[in-house]
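Working notes for the structure below.
The values are calculated or read from the model by the stated rules, or taken from the named source; none is laboratory data. A quick note: this is a predicted structure, and the numbers were derived from the prediction, not measured. Glycine also receives a Cβ, built like all others from the backbone with ideal geometry; neighbour counts cover every protein chain displayed. Areas reflect the complete protein model, heavy atoms only, side chains present, ligands, DNA and RNA absent. Shrake-Rupley method; radii C 1.70, N 1.55, O 1.52, S 1.80 Å.
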Amino acid sequence: MRRFPATTSCAALALGLGLLVWGPPAAAAPAVLPQPLSIQEQTGAAIPAAAFQVEWSGHRDPALERAAQRFGAYVALRTGIDARLVKPTRLRIICAGPDPDALTLKAKEAYRLTVEAEGVTLTAEGPIGVLRGLATLRQAITSGPEGFVVPRMQVDDRPRFAWRGVMIDVARHFMTLETLKRQIDAMEQVKLNVLHLHLSDNEGFRVESRRYPKLQALASGGEYYTQAQVRELVVYAAERGVRIVPEFDVPGHSRALLAAYPELASRKGEADGAFAALNSALDPSLPETYAFLGGLFSEMAELFPDRYFHVGGDEVAGGDWASSPRVQDFMRRNGLTSKVELEAYFHRQVRDIAAARGKTMIGWEEIAHAPIADDVLVQAWRGSAAIARGTGQGNRVIVSAGYYLDLLETGESHYQIDPLDAAAYGMDAEEAARARAHPVLKSLLHEDVLKVPGLQLTAAQQALVLGGEAALWSELVTDEMLDGRLWPRAAVIAERLWSPAEVRDTDDLYRRLLRVQDGLRMAGLKDEANRDRMIARLSPGESEPVALLVSLVSPVRNFAHKASVQAIFHGRPGGRQDFNQLADIASPDSLVARRFGLDVRALIGGERAGAPALKAELRMWRDNHVRFLKVAEGRPMLQAAAPVSADIAALAELGLEAVGFIEAGRRPKAEWRARAAVMLEKQAAAERASSTFMQTVASPNQPPADLLIAIARPIGVLVAAAEGR
Ligand code: ACM
């Protein structure tokens, strides 16, 4: 296996032979993400990529032809060249045959891509492999002096895990069909293959039911998918090699359902208090509950053809069960002595209901707190120890622990987490102790939330890990924010799930990610377009300084920006939260800061020619402050970020001084070093205040406007280099 070197082999070869050959520099290495199993660079000039002429061998079907058309349309967007005006490059697609296992865990996703002088050859055992190969070829298009080209290479590729998903919560905020289709388009490009839709929760039930029409009439606020729309989405996803797995969350997280069918609730009427929703649940003692679920799941099982069917099972605090004489009596009569035993009883019924309809049940990790039927899939979400528990009990596991995108962590932090590492993610012992002391948090805790250093999976347990899912809960994600909250971080997790475990170089990841994200935008992703609108809304006609500030910051993490969390733990006003704050607009992983970080590393590595551009950028950031203040005048939403803008200016100035020291080869004086340390520590403290959920609970004071300065770290790297550290 060989990776593309950062410098071109042509130039290296010419220098090595001492030849005075001055050709144009070759085009940049392709930015393929996820990193394939093997890419071998071949010698010879890159071949033109302005247009392709597809030649089919072997299996061919209408869906594959449409995939080839989509590929052609993308090439036109990528190059801006009218295909009719250029000589096309030959693209041979050799598909061995149809794949009866397409859209299952056994789908044939492997492919080989060969780029030679005569053209491109894409070979795959089945249609899904062709889709994966086309995704790689798209990303391999690069530009150089010869125009748009694909470098000579051979790619041999297949996924590490069969289950590579994204979970989108469409219950808290409804997402339109158009928005979901955009996410599926992007998923195809980074080889993600499962869209898990969280379709019901306390806030809404989002699918039309003909059998139980009160669900959409009384529990959707008018925002739901018709059955025709669901069918359309399933087909759309299937054409892109993406399975749709529905989730209907029971017995908890079901207040919307219970608003429509209150006779199924374990407690009548609306309980109150901040945690009432967590205590609310279906009544597991009623035969009517199971009859209802049988009817609903029959209907939904037919609508969603995937073999897997998610039934939630998470976060039942149990308060309404404890206070219901009927439920308590049921427990006594059935010898159920705890909430966990009652839940296990419920899950067994639900598993049988799903199985009778040809479905394999999936549930969140709580369903494994008691043994459950072997065929059930467990989705680990709070800690990696849940992977060990689920697989230890013989169940297959999907990993979302460490992949929660709504926590607004960086892509880099998710990238570190390997699905087979049972010690990767969880609360440390001190945090767990604090959570246990909390009156309500304690009822939801379990030993599996604890990070267990050294915990390992046996080979047999590893074989039960199917893969993982990036999860995005949408309490703080509107339809307009979805693209920006999902991408580019979902692409980072896509690489973790597709590529070999040894692929771990973060700088290399971000170098590719910067280009892949632009590729997704060219294909229609709206993260940037929607962000621009949200900014323009705040400062029409003069949004430039606001946009610049937004590009350099990130929202605070781990629910620190969530009004309900601030209300519960810090006595702040709760109520409805709007999404017009800069913290709602800024990306959790600023790509400008990432690109700057790579430039800083290059400078420190000896590429001094980059210094003038770096300094120009730092001056621009510094000078943005006065412009931002002018726009912020009289606009409280922007005013709140004025101290952040001031800190950015000061950090940029510090960075400028650091570059000056590095260029001059001088060391800064103690006084400068002390000032730098204070400035950087202020930002580090701001980061710490929301670095975990329990930190958020312990930190009433978050930084102004709930914003972290994403360039603080790379400026810290410059400062350290200036100081010779
Ligand atoms: C969950 O995040 N409650 C599965």
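Please compute the contact order of the chain in relative form: average sequence separation of alpha-carbon pairs under 8 Å and at least six residues apart, divided by the residue count, as a percent.
11 percent
Where the accessible area of segment 121-183 is counted over protein heavy atoms with a 1.4 Å probe, how much of it, in %, is carbon and sulfur? Don't skip to the answer; put the middle values down first.
Values: 730 of 1530 Å².
Answer for segment 121-183: carbon and sulfur cover 48 percent of the accessible area.
In deg cm²/dmol and to the nearest 500, what is the mean residue ellipticity at 222 nm of the chain if only DSSP H runs of at least 4 residues count, each as -39500 (n - 2.57), divided by the residue total? Could you put the intermediate results ahead of the total?
On the way: 31 runs with 322 residues, N = 725.
After summing the helix terms and dividing by the residues of the chain, the value is -13000 deg cm²/dmol.
How many angstrom lie between the Cα centre of segment 497-527 and the Cα centre of segment 288-322?
Segment 497-527 and segment 288-322 have Cα centres separated by 36 Å.
Under 15 Å from a point placed 7 Å out from the Cα of E723 along the Cα-to-Cβ direction: which residues of segment 665-707 have their backbone N that close?
667-685
Rounded to the nearest 5, what % of the DSSP beta bridges within the chain are antiparallel ones? Display every interim value, and only then the final one.
On the way: 26 of 72 bridges.
The antiparallel fraction comes to roughly 35 percent.
From largest accessible area down, sort D508, D527; use a 1.4 Å probe on the protein chains.
Working: D508 30, D527 5 Å².
Listed by decreasing accessible area, they come as D508, D527.
At a 1.4 Å probe radius, which order do L656, L33 fall into by accessible area, largest first? If you can, show how the numbers build up before the last one.
On the way: L656 20, L33 0 Å².
Listed by decreasing accessible area, they come as L656, L33.
Quick one: what are the phi-derived ³J(HN,Hα) couplings along segment 542-558, Karplus 6.51/-1.76/1.60 with θ = phi - 60°, whole Hz, x for glycine and proline?
These are the phi-based 3J(HN,Hα) values: 9, 8, 4, x, 5, 4, 5, 4, 4, 5, 10, 10, 9, x, 4, 10, 6 Hz.
With all protein chains present, how much of the accessible area of segment 581-642 (probe radius 1.4 Å) comes from carbon and sulfur, to the nearest whole percent?
Numbers: 1630 of 2830 Å².
Here it works out to 58 percent.
With an 8 Å Cα cut-off and a minimum separation of 6 or more residues, compute the relative contact order for segment 332-415 in percent.
21 percent
Kindly sort H570, H198 by accessible area of their heavy atoms, largest first, with the probe set to 1.4 Å.
Details: H570 35, H198 0 Å².
My answer, sorted largest first, is H570, H198.
Once the piece of chain linking E65 and L218 is laid out straight, how much longer is it, given 0.36 nm per residue of separation minus the C-alpha distance between them?
Values: separation 153, 0.36 × 153 = 55.08 nm, distance 4.28 nm.
That works out to 50.8 nm of additional length.
What trypsin sites (Lys or Arg not before Pro) does segment 127-206 have in DSSP loop regions with at most 11 other beta carbons within 10 Å? Mind dumping the intermediate values first?
Details: sites: R132, R138, R152, R160, R164, R172, K181, R182, K191, R206; in loops: R152, R160, R172, K191, R206.
Loop-located and lightly packed - none at all.
Rounding to the nearest 20 debye, state how big the charge dipole of segment 109-255 is about its Cα centre with +1 on each Lys and Arg Cβ and -1 on each Asp and Glu Cβ.
360 debye
Return the long-range amide H neighbours of R396 (sequence gap of 5 or more, or a different chain), with a cut-off of under 5 Å between placed amide H atoms.
Under 5 Å from the amide H of R396 lie the amide H atoms of V378, each far enough along the sequence or on another chain.
Got a number for the accessible area of Y111? Probe 1.4 Å, square angstrom, nearest 10.
The accessible area of Y111 comes to roughly 10 Å².
Length gain on complete extension for the stretch A536 to A370, per 0.36 nm per residue less the alpha carbon to alpha carbon distance? Please report the intermediate quantities before stating the final value.
Details: separation 166, 0.36 × 166 = 59.76 nm, distance 5.17 nm.
Result for the pair: 54.6 nm of gain on full extension.
Report, ordered by chain and residue number, the lysines lying within cross-link reach of K108, taken as a straight Cα distance under 30 Å and ignoring same-chain residues fewer than 8 apart.
K181, K191, K359
Please grab the % of Cα pairs in the chain that end up more than 35 Å from each other. Intermediate results must be reported in sequence, preceding the final value.
On the way: 127228 of 262450 pairs.
Beyond 35 Å sits 48 percent of the P(r) for the chain.
Taking 8 Å as the Cα distance limit and 6 or more residues as the minimum spacing, I'd like the relative contact order of segment 672-725 as a percentage. Could the numbers behind the result be given before it?
Numbers: 21 pairs, mean separation 19.4, N = 54.
Averaging sequence separation for qualifying contacts and normalising by length gives 36 percent for segment 672-725.
Under a 1.4 Å probe, what is the accessible area of the chain per residue, stated in Å²? Could the numbers behind the result be given before it?
Details: 28610 Å² over 725 residues.
Each residue of the chain exposes 39 Å² on average to a 1.4 Å probe.
In straight Cα distance, which lysines are under 27 Å from K442, not counting same-chain residues fewer than 8 positions off?
The reachable lysines, counting only those whose Cα sits under 27 Å from K442, are K268, K339, K451, K562.
Rounded to whole Å, give me the distance from the Cα center of segment 22-94 to that of segment 130-144.
Segment 22-94 and segment 130-144 have Cα centres spaced 6 Å from each other.
Quick one: helix 611-632 against the long Cα principal axis of the chain, what's the angle to the nearest 10°, folded into 0 to 90?
It works out to around 50 degrees.
With the full set of protein chains in place, find how many percent of the accessible area of segment 299-342 is carbon and sulfur; take the probe as 1.4 Å. Working shown, then result.
Details: 960 of 1890 Å².
The computed percentage sits at 51.
Label R635 and A96 with points 7 Å out from Cα along Cα→Cβ: what is the distance between them in nm?
5.8 nm
Pick out, in residue order, every one of the trypsin sites (Lys or Arg not before Pro) in segment 215-302 that is DSSP loop and has at most 14 other C-beta atoms within 10 Å; say none if there are none. Write down the numbers at each step before the final one.
Values: sites: R231, R240, R243, R255, R267, K268; in loops: R240, R267, K268.
Sites meeting the loop and neighbour criteria: K268.
Using each residue's phi in segment 580-589, evaluate 6.51 cos²θ - 1.76 cosθ + 1.60 at θ = phi - 60° and report the 3J(HN,Hα) Karplus result to the nearest Hz, with x for Gly and Pro.
Result, ordered by residue: 10, 9, 4, 5, 7, 8, 5, 7, x, 9 Hz.
Apply the Karplus parameterisation 6.51 cos²θ - 1.76 cosθ + 1.60, with θ equal to phi minus 60°, to every residue of segment 293-307 and state each ³J(HN,Hα) to the nearest whole Hz, in sequence, with x for glycine and proline.
Result, rounded to whole Hz: 5, x, x, 5, 5, 4, 5, 6, 5, 6, 6, 10, x, 4, 5.
Could you list log10 I(q)/I(0) for segment 625-668 at q = 0.17, 0.21, 0.29 Å⁻¹, which the Debye formula gives when each Cα is one point scatterer?
Per q value, in the given order, log10 I(q)/I(0) is -0.54, -0.66, -0.92.
Kindly state, to the nearest 0.05, the FRET efficiency for A670 paired with R595, given R0 = 22 Å and r defined as their beta-carbon distance. Show your work: numbers first, answer last.
Details: r = 32 Å, r/R0 = 1.47.
My answer for the efficiency is 0.10.
Based on Cβ point charges of +1 for Lys and Arg and -1 for Asp and Glu, what charge dipole magnitude is obtained for the chain about its Cα centre, in debye rounded to the nearest 20?
Working: 84 positive and 88 negative charges, 197 e Å.
Magnitude of the dipole: close to 940 debye.
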